[in-house]
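Asker: Quick one: this structure, given as structure tokens, is what I'll be asking you about.
The values are calculated or read from the model by the stated rules, or taken from the named source; none is laboratory data. The shown structure was predicted, so the numbers you read here are calculated from the model rather than taken from an experiment. As a convention, Cβ positions derive from the backbone with ideal geometry for all residues, glycine included, and neighbour counts pool all protein chains shown.
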């Protein structure tokens, strides 16, 4: 069965990202792509922070960075600041770049630990350009004519998810994607193979498709309601199951990082955009009421609230299959993990990348389904472990919530990672997992997990010029950051939305 027609059920960020990517196949391959959405159904729309691979996605679909950021009233992001996670009063930044660079095959953090043991008091953060720029509220992209001896700047974006989806809709429709307004009233299955044959809208219209992409959100209209795929619940590891979101005026500040502040029963996000802040409180309903969660959020936002609170319910976990027969689930229909490390949009991005890489317009094969499910399941599990680390690596004992998180059983894969790091500072990445060595180091050290020693290979570095090389890294970062403008000034010059006063 050849694939000539793809139907995307649901709009929002997931639907229009998928449509924009597939739109590149409409004219050259004659592919018919239709997206069905209803203006009567709202979108969650709180996934406003991204991570660096998202920059590549926008390049892949061929959109101009400045134009996109202006349309989405976006800003730049160098990392995530975590407050109160290890213990109340703690603060650290998870940066997007590296700490220093590898020296003769030895990871820089091991070199740093050797220096520390010898009396060097400089924090590891001094050797991260993204951390230092964030600390001073500055930003600039790596210049095209860069000298080459200065550290590059790794970044992502903050953006208004609703405006971004609207921007992608324009891109997709200009390339031939057809949008249909309406709610899905019924789903018809093929009696022989169980594939989705067509969907019927409330107005009676019938849309047939060869491949369906389910972007219908938590409901999982096709992947779950029609195909009964099943769901793997991870609440025992990630117990938060509620969120409340409120946009605010922001108070004029626009730091180049996302902020995640832990409270007694969950945590609060702050995402600075050109025109407002995105704010939300993720919490565990077993330990905190909706009213208390809202009170904590409203007491700790900058600027004035701009809308009524939006309450969300979710179950952390994933579908047992992401690709089932001729349905591929992307976004919230595939699974949910709280936006602690801004992975919501990333999982849409990588899901699309896998779909495009595996897609054959000649047929739908069980091998495609198996590969997609295997690779996506691994990715979800690795991200899950990294999120669990934030809750588990704490010394907080001020609430039942933190007592549970600190003492809960965690996956063996995470236990191994923590114990190996404690032993001699080593981080072993699993294949092509998302979070790099720097990410694990930042969170573990930031929340009090320190190695008992360092790699003995660091002691094998007997180059007399090593201290000068380390000083050079420090000085290069200071110079790079010193040349940067304030973040808001850079955004105003590069991508300011004309409607932002």
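Asker: Going by the structure shown, is residue 214 modelled with pLDDT of 95 or more and surrounded by fewer than 21 Cβ atoms within 10 Å (Cβ to Cβ)?
Answerer: Numbers: modelled with pLDDT of 95 or more: yes; surrounded by fewer than 21 Cβ atoms within 10 Å (Cβ to Cβ): no.
No.
Asker: Here's another thing I want to ask about it. Please go through the stretch 36-51 and give me each residue that is modelled with pLDDT of 85 or more and touching a helix residue (DSSP H, G or I) at 6+ places or on another chain (Cβ under 9 Å), ordered by number.
Answerer: So in the stretch 36-51, the residues modelled with pLDDT of 85 or more come out as 36-39, 48-51.
Of everything in the stretch 36-51, those that are modelled with pLDDT of 85 or more and touching a helix residue (DSSP H, G or I) at 6+ places or on another chain (Cβ under 9 Å) turn out to be 36, 37, 48, 49, 50, 51.
Asker: May I pose another question? Considering only residues that are assigned to a loop (DSSP other than H, G, I, E, B) and farther than 19 Å from residue 260 by Cβ, which ones fall in the stretch 296-308?
Answerer: Going residue by residue through the stretch 296-308, those that are assigned to a loop (DSSP other than H, G, I, E, B) are 300-304, 306-308.
Hits for the stretch 296-308 are 304, 306, 307, 308.
Asker: Here's something else I'd like to know. So residue 86 passes all but one of these: (1) outside any loop (DSSP other than H, G, I, E, B); (2) crowded, with 18+ Cβ neighbours inside 10 Å; (3) modelled with pLDDT of 95 or more. Which condition number does it fail?
Answerer: Checking residue 86 against (1) outside any loop (DSSP other than H, G, I, E, B); (2) crowded, with 18+ Cβ neighbours inside 10 Å; (3) modelled with pLDDT of 95 or more, the one that fails is (1).
Asker: Every residue in the stretch 385-406 that is free of Cβ contacts under 8 Å to residues at least 60 places away in the same chain and either within 19 Å of residue 261 (Cβ to Cβ) or out of contact with any helix residue (DSSP H, G or I) (no Cβ under 6 Å at 6 or more places or on another chain) (or both), please. Explain how you work it out, then say what you get.
Answerer: Going through the stretch 385-406, the residues free of Cβ contacts under 8 Å to residues at least 60 places away in the same chain turn out to be 385-386, 389, 392, 397, 403, 406.
Within the stretch 385-406, 386, 389, 392, 397, 403, 406 qualify.
Asker: Here is a follow-up. In the stretch 232-254, which residues are touching a strand residue (DSSP E or B) at 6+ places or on another chain (Cβ under 6 Å) and over 19 Å from residue 295 (Cβ atoms)?
Answerer: Across the stretch 232-254, the qualifying residues are 232, 233, 234, 250, 254.
Asker: Just name the residue that is modelled with the lowest pLDDT out of those in the stretch 264-275 that are over 19 Å from the mean Cα position of the chain (by Cα) and crowded, with 23+ Cβ neighbours inside 10 Å. Explain how you work it out, then say what you get.
Answerer: To start, the set of residues in the stretch 264-275 that are over 19 Å from the mean Cα position of the chain (by Cα) comprises 264-265, 274-275.
With the extra rule that they be crowded, with 23+ Cβ neighbours inside 10 Å, the set shrinks to 265, 274.
Details: 265: 98, 274: 95.
Out of the qualifying residues, it is 274.
Asker: Would you mind finding the one in 122, 114, 180, 169 that is over 23 Å from residue 69 (Cα atoms), modelled with pLDDT of 95 or more and not in a loop (DSSP other than H, G, I, E, B)? Break it down stepwise before answering.
Answerer: Numbers: 122 fails: not in a loop (DSSP other than H, G, I, E, B); 114 fails: modelled with pLDDT of 95 or more; 169 fails: over 23 Å from residue 69 (Cα atoms).
Exactly one residue qualifies, and that residue is 180.
Asker: If I filter the stretch 445-469 down to residues being in a helix (DSSP H, G or I) and modelled with pLDDT under 95, which single residue comes out as surrounded by the most Cβ atoms within 10 Å (Cβ to Cβ)? Explain how you work it out, then say what you get.
Answerer: Restricting attention to the stretch 445-469, the residues satisfying the condition of being in a helix (DSSP H, G or I) are 445-446, 456-458, 466-469.
Okay, now just the ones that are also modelled with pLDDT under 95, so 456-458, 466-469.
Numbers: 456: 11, 457: 16, 458: 24, 466: 16, 467: 12, 468: 9, 469: 14.
Residue satisfying both the conditions and the ranking: 458.
Asker: Just to verify a result, which residue in the stretch 208-233, among those that are in contact with a helix residue (DSSP H, G or I) (Cβ under 6 Å, 6 or more places away or on another chain) and part of a loop (DSSP other than H, G, I, E, B), is farthest from residue 41 (Cα to Cα)? Quick ask: steps written out before the conclusion?
Answerer: Restricting attention to the stretch 208-233, the residues satisfying the condition of being in contact with a helix residue (DSSP H, G or I) (Cβ under 6 Å, 6 or more places away or on another chain) are 212-218, 220, 223, 229.
Among the residues that remain, those that are also part of a loop (DSSP other than H, G, I, E, B) are: 215-216, 220, 229.
Working: 215: 13, 216: 10, 220: 14, 229: 23 Å.
Per the criteria, the residue is 229.
Asker: From 57, 76, which residue is in a helix (DSSP H, G or I) and in contact (Cβ under 8 Å) with a residue 24 or more places away in the chain? Spell out the reasoning first.
Answerer: Values: 76 fails: in a helix (DSSP H, G or I).
Answer to the selection: 57.
Asker: Restricting attention to the stretch 179-207, which residues are buried (at least 20 other Cβ atoms within 10 Å of the Cβ) and in contact with a helix residue (DSSP H, G or I) (Cβ under 7 Å, 6 or more places away or on another chain)?
Answerer: 184, 196
Asker: Another one. Between a first residue in the stretch 285-297 that is without any contact (Cβ under 8 Å) to a residue 40 or more places away in the chain and a second residue that is surrounded by 15 or more Cβ atoms within 10 Å (Cβ to Cβ) and in a loop (DSSP other than H, G, I, E, B), which pairs have beta carbons less than 9 Å apart while being 6 or more apart in sequence or on different chains?
Answerer: The qualifying pairs are 292/265; 296/264; 296/265; 296/288.
Asker: Let me ask something additional. From the list 119, 162, 100, 148, which residue is touching a residue at least 24 places away in the same chain (Cβ under 8 Å) and over 17 Å from residue 439 (Cα atoms)?
Answerer: Numbers: 119 fails: touching a residue at least 24 places away in the same chain (Cβ under 8 Å); 100 fails: over 17 Å from residue 439 (Cα atoms); 148 fails: touching a residue at least 24 places away in the same chain (Cβ under 8 Å).
After ruling out the rest, the residue left standing is 162.
Asker: Which of the residues spanning the stretch 483-501 are in contact (Cβ under 8 Å) with a residue 24 or more places away in the chain, over 13 Å from residue 136 (Cα atoms) and surrounded by 13 or more Cβ atoms within 10 Å (Cβ to Cβ)?
Answerer: 490, 491, 494, 495, 496, 497, 500
Asker: Which condition does residue 409 not pass, out of (1) over 30 Å from residue 74 (Cβ atoms); (2) out of contact with any helix residue (DSSP H, G or I) (no Cβ under 8 Å at 6 or more places or on another chain); (3) modelled with pLDDT of 95 or more; (4) in a helix (DSSP H, G or I), if it passes all the others?
Answerer: That leaves (4) as the condition not met.
Asker: Then there is this: Here is a list: 65, 130. Which entry is surrounded by fewer than 18 Cβ atoms within 10 Å (Cβ to Cβ), modelled with pLDDT of 95 or more and within 20 Å of the chain's Cα centre (by Cα)?
Answerer: Values: 130 fails: surrounded by fewer than 18 Cβ atoms within 10 Å (Cβ to Cβ).
Result of the check over 65, 130: 65.
Asker: For the stretch 470-482, which residues satisfy the criterion of being under 29 Å from residue 262 (Cβ atoms) and either assigned to a loop (DSSP other than H, G, I, E, B) or without any contact (Cβ under 8 Å) to a residue 24 or more places away in the chain (or both)?
Answerer: The initial filter retains those residues of the stretch 470-482 that are under 29 Å from residue 262 (Cβ atoms), namely 477, 481.
Result: no residue meets the conditions.
Asker: Something else now. Which of the residues belonging to the stretch 276-295 are in a strand (DSSP E or B) and either surrounded by fewer than 24 Cβ atoms within 10 Å (Cβ to Cβ) or more than 18 Å from the chain's Cα centre (by Cα) (or both)? Give the derivation first.
Answerer: First, the residues of the stretch 276-295 that are in a strand (DSSP E or B): 277-283.
Within the stretch 276-295, 283 is the sole residue that qualifies.
Asker: Also, I was wondering about something else. Given the conditions (1) at pLDDT below 95; (2) under 18 Å from residue 334 (Cβ atoms), which single one is not true for residue 234?
Answerer: Residue 234 satisfies every listed condition except (1).
Asker: Under 21 Å from residue 123 (Cβ atoms), in contact with a strand residue (DSSP E or B) (Cβ under 6 Å, 6 or more places away or on another chain), at pLDDT 95 or above and surrounded by 12 or more Cβ atoms within 10 Å (Cβ to Cβ), is that true of residue 442?
Answerer: yes
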